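First the structure, in the form of structure tokens, and then the observations on it.
We did not get these values from a lab; they are worked out from the coordinates using the rules stated. Because the structure is a prediction, the values reported are computed rather than measured. For neighbour counting, all protein chains shown are included, and Cβ atoms are generated from backbone atoms with ideal geometry for every residue, glycine included.
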Amino acid sequence: MKKIAVIYSFNTNKTAKIAERIKEAFGEENVEMVNAEELTAEKFAEFDNLILGVPTWFDGELPNYWDEFLPDLEEIDLSSKNIAIYGLGDQVKYSENFVDGLGIMAEILRKGNANILGMTSVEGYEFESSRGVEGDKFLGLAIDYENQGSKNKERVNAWVEQLKKEFS
Ligand SMILES: Cc1cc2nc3c(=O)[nH]c(=O)nc-3n(C[C@H](O)[C@H](O)[C@H](O)COP(=O)(O)O)c2cc1C
């Protein structure tokens, strides 16, 4: 397995904690942590295996640091990239936009022909609607710190085991 970039904002609290858990589960030597707030197209291009940490903000939108990188991302040929996304959201307070960021990011990655990995079941969550869902699957891993924080560890570990098989 090639080295995996875990890209997330180093200024976050919850998104960063999940990134640390992911690193632990993969083993430190298998991942490189990359700050999404300083991300360049060149850095992104260095990796074929990537994990993106994407909280949903502003009632169904990406945080600014991801928004700012999107024009660069749209220029990159993603056809050789295996990309998994984890999304943070609050299914009670933002039930109509739960982890929308997963869907927004997946749509952009698909336009660039990326191979999206790490889809997970919607079972165990309760929400009205989400752009992050396709059929009965999230387009990545959904983490709800606010309401289901006690499940984080188990969810991340299961996801990493799945990704170990899906990344090449
Ligand atoms: C102003 C604000 C808007 C939010 N909007 C959404 C939303 O639309 N959908 C959602 O699922 N979660 C939403 N959330 C919840 C966050 O995604 C959640 O708290 C997440 O854990 C934040 O992660 P971070 O602190 O690492 O950025 C919102 C939170 C805040 C404070």
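Of the numbered conditions (1) buried (at least 22 other Cβ atoms within 10 Å of the Cβ); (2) closer than 20 Å to Lys137 by Cβ, Ile108 fails exactly one; give the number of that condition.
Only one criterion in (1) buried (at least 22 other Cβ atoms within 10 Å of the Cβ); (2) closer than 20 Å to Lys137 by Cβ is unmet by Ile108, namely (1).
For the range 1-17, what are the residues that are in a helix (DSSP H, G or I) and in contact with a Leu (Cβ under 7 Å, 6 or more places away or on another chain)?
Within the range 1-17, Lys14, Thr15 meet the criteria.
How many residues does the range 47-82 contain that are within 10 Å of the ligand (Cβ to nearest atom) and touching a strand residue (DSSP E or B) at 6+ places or on another chain (Cβ under 6 Å)?
Residues in the range 47-82 being within 10 Å of the ligand (Cβ to nearest atom) and touching a strand residue (DSSP E or B) at 6+ places or on another chain (Cβ under 6 Å): 4 in total.
Looking at the range 87-108, is at least one residue over 23 Å from Asn13 (Cβ atoms) and polar (S, T, N, Q)?
For the range 87-108, residues over 23 Å from Asn13 (Cβ atoms) and polar (S, T, N, Q): absent.
For the subset of the range 83-104 comprising residues that are away from the ligand (no atom under 13 Å from the Cβ) and in contact with a Gly (Cβ under 8 Å, 6 or more places away or on another chain), which member is nearest to Val133 (Cα to Cα)?
Ile85
Restrict the check to the range 140-161 and report whether at least one residue is of a type in the set (Lys, Arg) and away from the ligand (no atom under 16 Å from the Cβ).
No: zero hits.
What number of residues in the range 1-33 are within 16 Å of the ligand (Cβ to nearest atom) and of a type outside the set (Lys, Arg)?
Of the residues in that region, 15 qualify.
Looking only at the range 109-139, count how many residues are within 13 Å of the ligand (Cβ to nearest atom) and either free of Cβ contacts under 8 Å to residues at least 24 places away in the same chain or assigned to a loop (DSSP other than H, G, I, E, B) (or both).
Selection size over the range 109-139: 8.
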